[in-house]
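A.B. asks: I'd like to ask some things about the structure below.
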Amino acid sequence: MEPIIRVEHLCKTFNVKGTTVDAAKDISFAIEKGDIFGIIGLSGAGKSTLVRCLNLLEQPTSGTVTVDGKSLTELSEKELRLTRRDIGMIFQHFNLLMQKSVLENVCFPMKITGVKKSEARARAMELLETVGLAEKANAYPAQLSGGQKQRVAIARVLANNPKILLCDEATSALDPQTTKSILSLLKSINETYGITIVVITHEMSVVQQICRHVAVLDNGTLAETGTVQELFHSPKTEAARKLILTGAEQIQRMSGEQLVRITFSGQSSFEPVVANLVLKYKTPVNIMFADTKDINGSAEGEMILQLPEVRETAEQMIRDLREKRLGVEVLTHYVG
Ligand SMILES: Nc1ncnc2c1ncn2[C@@H]1O[C@H](COP(=O)(O)OP(=O)(O)OP(=O)(O)O)[C@@H](O)[C@H]1O
Ligand SMILES: [Mg+2]
């Protein structure tokens, strides 16, 4: 099946007062229909620029963006306007009309496309029901919490039946609990309506909670793409490692050296692994960190171990761990 979004050799250069910024450098990737696809990177990596190229809010300097079989840069004004209706977008700061009620906000895009007022109101009420905010229909945005405002924005973006929903840092202004509830709303929208969702974020936890595939951006380039599981178990690039290991870095500062990160999938457990190492080598191994995450429905474990200072023992242990088909990543490179 043809992917719903295909980006090929995309470049975007900004010229500001005689200097140039390469915000996107030769980026190519594809997003399958019905996927929840994450685009992650540090601040300034080029996430917003890339996502704005997906609906041509930003004109690429070169390269192509194909959405649902249509090459966006080749469309006429009118065709582009129609195609854009298929691509909804939500933002970090919600962008609601503050002088209008919740219901009027949700009706607004239907007003633009000429839907009859009574029909628009009925549909808006249904959508508010879907996002769990029907009782706030007559409230004004200023009277809502951040999470509620984002729910209104989601109801509004659904009004025109988009095929694709772009979310640029949609949960970055929200606390972790509210973030969770908004992400699970997005997930259920993906499942119910089959809308392809693109999630732009700087937080790995967001990607792990909802995405199936992910692209890592680093300073305008595409560092790597893959499933969220692949990224969790075996990040291939320094940029991906940095995003995965935010917690590990702190541990590293606290405890110095000899750290390895091991990961496992599914039902297997760490404990026998560590216990066996200790028994075999008769020397302690510190568990600095252990956690199990739900990564789109499957349990994935992560543990950071501090190995003995004796180099030969540590090297032996790492070989043993690698044989167990766990993800093994040496965080401090004291081993050759
Ligand atoms: N309109 C613009 N004019 C000039 N430079 C720009 C423009 N928009 C973005 N840039 C530059 O392009 C680079 C990428 O910016 P972008 O906003 O895409 O990053 P980002 O990954 O979304 O960052 P953040 O996480 O902070 O939102 C930055 O160096 C930025 O300064
Ligand atoms: Mg941004």
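The values are calculated or read from the model by the stated rules, or taken from the named source; none is laboratory data. Computed from a predicted structure; not experimentally measured. So basically every Cβ, Gly included, is an ideal-geometry build from the backbone, and we count neighbours across all protein chains shown.
A.B. asks: Report the residue count in region 112-125 for those that are at pLDDT below 95 and either in a helix (DSSP H, G or I) or touching a Phe, Trp or Tyr at 6+ places or on another chain (Cβ under 9 Å) (or both).
C.D. replies: 1
A.B. asks: Separate question: Kindly list the number of the only condition in (1) of a type in the set (Gly, Ala, Ser); (2) surrounded by 14 or more Cβ atoms within 10 Å (Cβ to Cβ); (3) without any contact (Cβ under 8 Å) to a residue 60 or more places away in the chain that fails for residue 62.
C.D. replies: (2)
A.B. asks: Looking only at residues that are hydrophobic (A, V, I, L, M, F, W, C) and in a helix (DSSP H, G or I) in region 69-102, which one is surrounded by the fewest Cβ atoms within 10 Å (Cβ to Cβ)? Explain how you work it out, then say what you get.
C.D. replies: Let us first name the residues in region 69-102 that are hydrophobic (A, V, I, L, M, F, W, C), namely 72, 75, 80, 82, 87, 89-91, 94, 96-98, 102.
Restricting the remaining residues to those that are in a helix (DSSP H, G or I) gives 72, 80, 82, 102.
Working: 72: 21, 80: 15, 82: 12, 102: 27.
Applying the filter and picking the extreme gives 82.
A.B. asks: If you take the residues in region 20-29 that are buried (at least 17 other Cβ atoms within 10 Å of the Cβ) and among the small types (Gly, Ala, Ser), which one is farthest from ligand 1 (Cβ to nearest atom)?
C.D. replies: By that ranking, first place goes to 24.
A.B. asks: Could you count how many residues in region 43-59 are surrounded by 15 or more Cβ atoms within 10 Å (Cβ to Cβ) and part of a loop (DSSP other than H, G, I, E, B)?
C.D. replies: The number of residues fulfilling the criteria is 6.
A.B. asks: Residues that are over 20 Å from residue 7 (Cβ atoms), under 13 Å from the mean Cα position of the chain (by Cα) and in a helix (DSSP H, G or I): does region 146-153 have at least one? Walk me through it before giving the result.
C.D. replies: Initially, region 146-153 is screened for residues over 20 Å from residue 7 (Cβ atoms), giving 146-153.
So of that shortlist, the ones also under 13 Å from the mean Cα position of the chain (by Cα) come out as none.
No; the residues of region 146-153 include none that is over 20 Å from residue 7 (Cβ atoms), under 13 Å from the mean Cα position of the chain (by Cα) and in a helix (DSSP H, G or I).
A.B. asks: For region 186-211, give me each residue that is of a type in the set (A, V, I, L, M, F, W, C) and either within 15 Å of the chain's Cα centre (by Cα) or in a loop (DSSP other than H, G, I, E, B) (or both). Walk me through it before giving the result.
C.D. replies: In the first step, residues of region 186-211 are kept if they are of a type in the set (A, V, I, L, M, F, W, C); the result is 186, 189, 195, 197-200, 204, 206-207, 210-211.
Selection gives 186, 195, 197, 198, 199, 200, 204, 206, 207, 210, 211.
A.B. asks: Give 203, 249, 257 a once-over and let me know the one that is acidic (Asp, Glu) and modelled with pLDDT of 90 or more.
C.D. replies: Values: 249 fails: modelled with pLDDT of 90 or more; 257 fails: modelled with pLDDT of 90 or more.
Only one candidate passes the filter, namely 203.
A.B. asks: Name every residue in region 35-61 that is within 13 Å of residue 223 (Cα to Cα) and within 8 Å of ligand 1 (Cβ to nearest atom), in order of residue number.
C.D. replies: Step one: list which residues in region 35-61 are within 13 Å of residue 223 (Cα to Cα), which gives 39-42, 45-47.
Answer for region 35-61, where residues must be within 13 Å of residue 223 (Cα to Cα) and within 8 Å of ligand 1 (Cβ to nearest atom): 41, 42, 45, 46, 47.
A.B. asks: Is there any pair with a first residue in region 142-170 that is among the polar types (S, T, N, Q) and a second that is outside any loop (DSSP other than H, G, I, E, B) and within 16 Å of ligand 2 (Cβ to nearest atom) whose Cβ atoms are under 8 Å apart and which are 6 or more apart or on different chains, and what are they?
C.D. replies: Between residues of region 142-170 that are among the polar types (S, T, N, Q) and residues that are outside any loop (DSSP other than H, G, I, E, B) and within 16 Å of ligand 2 (Cβ to nearest atom), the close pairs are 150/90.
A.B. asks: Does residue 209 fit the bill of being surrounded by 21 or more Cβ atoms within 10 Å (Cβ to Cβ), farther than 30 Å from residue 290 by Cβ and not charged (D, E, K, R)?
C.D. replies: No.
A.B. asks: Same structure, new question: On the basis of being closer than 22 Å to residue 51 by Cβ and either in a helix (DSSP H, G or I) or over 17 Å from the mean Cα position of the chain (by Cα) (or both), does residue 105 make the cut?
C.D. replies: Details: closer than 22 Å to residue 51 by Cβ: no; either in a helix (DSSP H, G or I) or over 17 Å from the mean Cα position of the chain (by Cα) (or both): yes.
Criteria not met by residue 105.
A.B. asks: Among the residues of region 141-156, is any closer than 23 Å to residue 207 by Cα and within 16 Å of ligand 2 (Cβ to nearest atom)?
C.D. replies: Narrowing region 141-156 to residues closer than 23 Å to residue 207 by Cα: 146-155.
Retained after the next criterion (residues that are within 16 Å of ligand 2 (Cβ to nearest atom)): none.
Within region 141-156, not a single residue is closer than 23 Å to residue 207 by Cα and within 16 Å of ligand 2 (Cβ to nearest atom).
A.B. asks: Quick check on region 146-166: of everything there that is touching a Ser or Thr at 6+ places or on another chain (Cβ under 8 Å) and under 19 Å from residue 39 (Cα atoms), which residue is surrounded by the fewest Cβ atoms within 10 Å (Cβ to Cβ)?
C.D. replies: Of region 146-166, the ones touching a Ser or Thr at 6+ places or on another chain (Cβ under 8 Å) are 146-147, 150, 155, 158, 160, 163-165.
Still in the list and also under 19 Å from residue 39 (Cα atoms): 163-165.
Numbers: 163: 19, 164: 21, 165: 23.
Selected residue: 163.
A.B. asks: Which of the residues that make up region 207-227 are in contact with an Asp or Glu (Cβ under 9 Å, 6 or more places away or on another chain) and under 26 Å from residue 188 (Cα atoms)?
C.D. replies: Those that are in contact with an Asp or Glu (Cβ under 9 Å, 6 or more places away or on another chain) and under 26 Å from residue 188 (Cα atoms): 208, 209, 211, 212, 213, 214, 215, 216.
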